[in-house]
Structure formats: structure tokens, C-alpha cells
Amino acid sequence: MGWGCIASSAADCSSRTSRSQRSARDATLSGRVPMSDRAAVTLDMSGLSCPLPLLGAKKILDDLPDGQHMILISDCPGTGDDLRAWAGITGHEVVRAELLNGHRVAYTIRRNSGPTRFGGNVMLDMRGAACPGPIVEAERLLHGMQAGEVLVLISNCPGISTDVEAWTANSAIELIDRFEPVPGEYEFYLRRK
């Protein structure tokens, strides 16, 4: 494959990936577990624009058995959105996203045979809205929904995680799942009790 670096382990990749390995080792020293410990394949698509990182990941995942992980490294700003949308359709799962050096992100992707996340009846994308705006809008929508229906709230407000936890702990709204597809961006799966 001439347009990216593919390897069975991160150590086999180019010097770009060697830098990411140093970042992973540094992350281990800070208490986080390096993502490469669980990945069968690492694909470094740094320097390539979207949708090439997604296409490279698709090609690799097509050949992996269900449950296996791969790491996709990309510096294209649209990769996270592309992966999330694609994973929602294919059933694969973006397990983790880790910022490597300020502009490159390592996405851990798990191959699945079918969708694994809760489906939402309504999706509310509040990226760019300041808190408490996302919760106010989510509450308004949830009150118009039937009991048991699921609202997917997407937000990149820095305080949204603690706000959602406090809100759901003291209301008739249940937080059934949360997900961080890319650093600083959150999806909350909320259900009216």
C-alpha cells in the first residue's frame, strides 16, 4: 500500500509511527494504557486528506476477524466524523481516540459484524453550543418523546459530561450510554423513564 504505512505492530511502521510509539510510552508513564497493546494492525495515514484514512481503515477491517482491533493514525480533521458516521452504518466501533502530539489522533477501531451501540429515535447535534444549552434542548425534546425512546445528544461543550451526570441523577431521564468518539466530543444516549 503506497499511500500509508501499514504494519502488524506499531514498531514496524515508519518514523512517524515511531514518534507515536514514544507518545504512547509517555502516556503509559502518565497512567494510561497504550492503545497498541490490543491492536492487531496499525495504519498511519498522517499527511493524507479525508476520505483516504477511512478507506484505508475499511480495507484493513474487511480482512480482520470480528472482535479484532486496529489503530488508525490520522491528522485529517474530518477523520473522527467520518469514522463515527461509517461505524454507525457498518456496526464497527470506534473504541477510543487518543491525541498523539497535538494534531494527530490515534483511533482504535473494533471490527464487529453488526451494530453494537444503542440506536436513537432522535439525534440532537449541539456541537458548538455552550452549556447548559445542550441539556436544555435535550430536556425539551425528551419531554415530547414517548417513555423508553432514546435521544442521542452530541456535544463538545467542555463541561457537558459532569452536567449530564448531574442532570440525569436528579431527573426522570436515564443515561444509558456515553461515548467519546474523538477527544472532547461526546455522545450521550438518554432515555425518558
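Taking the stretch 154-172 only, how many residues are touching an Asp or Glu at 6+ places or on another chain (Cβ under 7 Å) and within 18 Å of H143 (Cβ to Cβ)? Steps first, please.
Initially, the stretch 154-172 is screened for residues touching an Asp or Glu at 6+ places or on another chain (Cβ under 7 Å), giving 154, 156, 168.
Keeping just the survivors that are within 18 Å of H143 (Cβ to Cβ) gives 168.
Of the residues in that region, 1 qualify.
If only one of G67, G148, G102 is in a loop (DSSP other than H, G, I, E, B), surrounded by fewer than 20 Cβ atoms within 10 Å (Cβ to Cβ), free of Cβ contacts under 8 Å to residues at least 24 places away in the same chain and not hydrophobic (A, V, I, L, M, F, W, C), which one is it? Lay out the reasoning, then the answer.
Values: G67 fails: free of Cβ contacts under 8 Å to residues at least 24 places away in the same chain; G148 fails: free of Cβ contacts under 8 Å to residues at least 24 places away in the same chain.
So the residue among G67, G148, G102 that is in a loop (DSSP other than H, G, I, E, B), surrounded by fewer than 20 Cβ atoms within 10 Å (Cβ to Cβ), free of Cβ contacts under 8 Å to residues at least 24 places away in the same chain and not hydrophobic (A, V, I, L, M, F, W, C) is G102.
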Could you figure out which of (1) of a type in the set (A, V, I, L, M, F, W, C); (2) at pLDDT below 90; (3) part of a loop (DSSP other than H, G, I, E, B) isn't true of C157?
(2)
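If the requirement is being under 21 Å from C50 (Cβ atoms) and modelled with pLDDT of 90 or more, which of these qualifies: A106, A85, A138? Don't jump to the end; show me each part of the working.
Numbers: A85 fails: modelled with pLDDT of 90 or more; A138 fails: under 21 Å from C50 (Cβ atoms).
Exactly one of A106, A85, A138 is under 21 Å from C50 (Cβ atoms) and modelled with pLDDT of 90 or more, namely A106.
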With the condition kept exactly as written, say whether any residue in the stretch 175-184 is modelled with pLDDT of 90 or more, crowded, with 18+ Cβ neighbours inside 10 Å and on the phi < 0 side of the Ramachandran plot.
no
Selection from the stretch 160-193 of residues under 22 Å from V105 (Cα atoms) and out of contact with any Ser or Thr (no Cβ under 8 Å at 6 or more places or on another chain) yields I160, S161, F179, E180, P181, V182, P183, G184, E187
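The values are calculated or read from the model by the stated rules, or taken from the named source; none is laboratory data. Note that this is a predicted model, so its numbers are computed, not measured. Note: ideal-geometry Cβ built from the backbone for every residue, glycine included; neighbour counts use all protein chains shown.
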